[in-house]
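The values are calculated or read from the model by the stated rules, or taken from the named source; none is laboratory data. Since the structure is predicted, the reported quantities are computational estimates derived from the model, not experimental observations. Ideal geometry is used to build each Cβ from the backbone, glycine not excepted, and the neighbour counts take in all protein chains shown. Just so you know, the surface numbers come from the protein's heavy atoms only, side chains and all, with ligands and any DNA or RNA stripped out. Shrake-Rupley method; radii C 1.70, N 1.55, O 1.52, S 1.80 Å.
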Amino acid sequence: MIGRIAVFPLLPVLFVGMMMAGCRLIPRPAPEKPSRYVRVEQIDGRWWFVRGEEKFLALGVNVVSPHDGSKPKSGPVYDVLERYNNDRAAWAADAAARLRDWNFNTAGGWSEPAIYDRTDLYHTRVVYLGAWGQHDSRLIDVFSPAYSNAIEKTAAEEIAPHATNEYLIGYFLNNELPWYGEKGWPTSGDVSLLTRYMRLPESGMGKQRAVEFLQERYADRFEAFAENWETPAKNFAELARQRRMKPLKREAQKDAIAWAGIVAEQYFRICHAAMRRHDPNHLFLGVRFADRAYEPVLAACGRYADVVSVNHYRKTGLFDARHIGAIAALTGKPVMITEYSWRAMENSSGCRNTIGADVTVQTQQDRADRFRTYMTNALAQPYIVGCDWFMYHDQPPGGRFDGEDSNYGLLDVRDTPYFVLLSTITEINGRAAEIHLQGPAPTPAYDPNVLADYREVTVSGGETPLQEPVVFADASSAFHVWGDTPKGASIKAVSGPGESPLKIAVETGRGWGCGITFKPVSSLPAQPDGSVSVSGASRVIVELKAKPGIKVSLGIQESGHGPLDAQAYGGYGSADGESYVHRELTVEADRESYVFTLDQMEPAPSYGNQRGNYAINTDAIAQCHLFFAGGQNDFTVELLSIKFD
């Protein structure tokens, strides 16, 4: 009590002293006004888009357009502009009303500018940064001043004009970039961003940075580098002058992965800075990964983007929460699904569904059922902030600019809605917020086993080596062929009399290529599921005759193998349905035997159990295949045998 009494008389003196010293009382800040621009917030463990007092999930449709600009050789094309006397604003008002009737609230990428600028529908924009060039060069050379200048120019032209649009959610700064070298998904093991940067001239900034990267990574030990990479160079100084580099071992993939992360860091840094200079108000929505990218690439995206965007097609309708959840956990950011869809053989446009993402089902009811399964799972995830259907209308039955001819639309080419599908969409979209609130929260912890880019592969049964080679396949084996037929791939095999080789006529086409799959020869003891044991094998020897320069790779499938989204992979014995591939080899003159070492194989990214034991279970091998990548001239191969040794 004495202390308190002693202080009270001093208060007026202190107050006067503060005023005399020039201090002033700080007024209580006014409550912050809600932003008129869209932002992202995590509320009670769940992510949302927020604008003002409104929180929402972006339920969008890509390519909302009044006409398809394609010019197929034949067949109808979606075009309703004539009905509106070419009044795009009138069309946009009707299209926005239609989308709202179906409980969509967002116009997604590549939509008609009028629906962005003349309606109050939320929307997103795709901005292509980086020149396409030859073989998709959008990521080359991110270290050069010319690249940064081009990014700045594009941002000034395509981002700055929209900086004050209140209904713009944000920008996707590209779509399906070639993080794996050629594409946004793995293709050839010989091509990566690292090998592409090494093709640059010695004076190129990216080439210099790549050589420095390798020199540092191998601690200036060129002999260690040369164990993993094939090159004419004899030292790092010579490497800077070389343009050809090819992996010798699987370990080289680790270098390619690390380099992709360095390229990604530079790309995201300069793109983010350019966007923010020209538009500080809207969100950076990522780059629309083609389902995934290397871990360091995803991590770099998370450091700069407000949202990570992923194109996530699933034929079965089973949303992969483990996979997408791992991306959310790794990046620490919410995720937007920017493409998903299904196409039915039963459609009123006459679409043949031969080219495009293979999410083919039989009926419109199948499309509706898969939408229900996929979206009720996706919307329940705490990290999901939106999903964009691909696309508004069907593609031309005669093929659009790239040949795609699919029933992805909500409308057929005559503008007639697919009512069975839209009935389900309207129902689920109407319950989106409710489903999101009822789902689990928060985002699960990151599991490094889900997205691991490189895993050590072991070979079972190596304790007791094979005493002699086992002929797995020859001209007598049952086989089937497959390939990218819409892009001109064709493969035909004919066996001759007696022990003649199997003659395989190959046209790889201009797409991803083609292959031939072999069952074991009938003389081998078969297990109940038809697989055979080659336990003790450490390599596969393919004996064939072909002209020099042909590129061929080998794949093997364990017992229990199946497509990526199979419900289960029940193999015989210890096999768990994994599929493995070896990097391609090049046919040489006067050579008939080609060795594919099992411990240099890696899990196939597009087939088989992706969550197996990463052990090649040689006690139950179901089949093997030869694959010929697209872009090669037509040729004939004579297969003598495929042996495990």
- Message: Under the 0.36 nm per residue contour assumption, what length would be gained going from the current alpha-carbon distance of residue 213 and residue 373 to full extension?
- Response: 53.0 nm
- Query: For residue 519, what accessible area in Å² do you get when you roll a 1.4 Å probe over the heavy atoms of the protein chains, rounding to the nearest 10?
  - Reply: 90 Å²
- Solvent-accessible area per residue, Å², over segment 171-240 with all protein chains present [probe radius 1.4 Å]: 42 Å²
- Query: Taking the Cα centre of the chain as origin and charging only Cβ (+1 Lys, Arg; -1 Asp, Glu), how large is the dipole, in debye to the nearest 20?
  - Reply: 1660 debye
- Unit charges on C-beta of K, R, D, E only; dipole of segment 584-623, Debye: 280 debye
- Item | Per residue, in Å², the accessible surface of segment 251-361 once ligands and nucleic acids are set aside, probe 1.4 Å | 27 Å²
- Task: Could you work out how far apart the two model spin labels at residue 348 and residue 54 are, taking each label as a point 7 Å from the Cα in the direction of the beta carbon, and quote it in nm?
- Result: 3.1 nm
- Full-stretch length increase - residue 316, residue 499 - with 0.36 nm per residue and alpha-carbon distance subtracted: 61.6 nm
- Nearby aspartates and glutamates by direct alpha-carbon distance to residue 234 (threshold 17 angstrom, same-chain neighbours under 8 apart not counted): 202, 212, 216, 220, 223
- Query: For residue 482, what accessible area in Å² do you get when you roll a 1.4 Å probe over the heavy atoms of the protein chains, rounding to the nearest 10?
  - Reply: 70 Å²
- Message: Quick check on segment 561-623: what does the Kirkwood estimate of hydrodynamic radius come out to from the alpha carbon pairs, in Å?
- Response: 13.0 Å
- Item | DSSP bridge orientation in the chain - percent antiparallel, rounded to nearest 5 | 70 percent
- Message: Suppose the Debye formula is applied to equal point scatterers at every Cα of segment 105-187; what is log10 I(q)/I(0) at q = 0.17 Å⁻¹?
- Response: -0.77
- Message: Roughly how far apart, in whole Å, are the Cα centres of segment 113-139 and segment 152-219?
- Response: 16 Å
- Message: Largest first, please: the extent of the C-alpha atoms of segment 138-293 along each principal axis, to the nearest Å.
- Response: 58, 31, 21
- Would you kindly calculate the translational diffusion coefficient of segment 426-507, applying Stokes-Einstein with the Kirkwood radius from alpha carbon pairs, for 10 °C and a viscosity of 1.306 mPa s, and quote it in µm² s⁻¹ without decimals? 79 µm²/s
- Query: How big is the accessible area of residue 205 in square angstrom, nearest 10, if you roll a 1.4 angstrom probe over the protein chains?
  - Reply: 90 Å²
- In whole Å, largest first, what are the principal axis extents of the Cα atoms in segment 417-458? 51, 27, 12
- Item | Range of Cα positions in the chain per principal axis (Å), largest first | 110, 66, 54
- Do the alpha carbons of any pairs in 183/487; 153/333; 545/643; 519/643; 492/551 sit beyond 19 Å of each other, and which pairs? 153/333
- Heavy-atom accessible area per residue of segment 422-510, all protein chains kept, 1.4 Å probe, expressed in Å², is 55 Å²
- Query: Distance in nm between label sites at residue 566 and residue 522, each 7 Å beyond Cα in the beta-carbon direction?
  - Reply: 2.5 nm
- Note on the structure: Cα-based Debye curve of segment 506-571 sampled at q = 0.12, 0.13, 0.16, 0.29 Å⁻¹ gives log₁₀ I(q)/I(0) of -0.49, -0.58, -0.83, -1.43
- Message: If I model a spin label at residue 73 and residue 433 as a point 7 Å from the Cα along the Cα→Cβ vector, what separation in nanometres do I get?
- Response: 5.2 nm
- Task: Tabulate in residue order the Karplus-calculated ³J(HN,Hα) for segment 374-388, using 6.51 cos²θ - 1.76 cosθ + 1.60 with θ = phi - 60°, rounded to whole Hz; enter x for Gly and Pro.
- Result: 5, 6, 5, 7, 4, 5, 6, 7, x, 8, 7, 10, x, 9, 10
- Express the carbon and sulfur contribution to the solvent-accessible surface of the chain as a percent, rounded to the nearest whole number, probe 1.4 angstrom. 53 percent
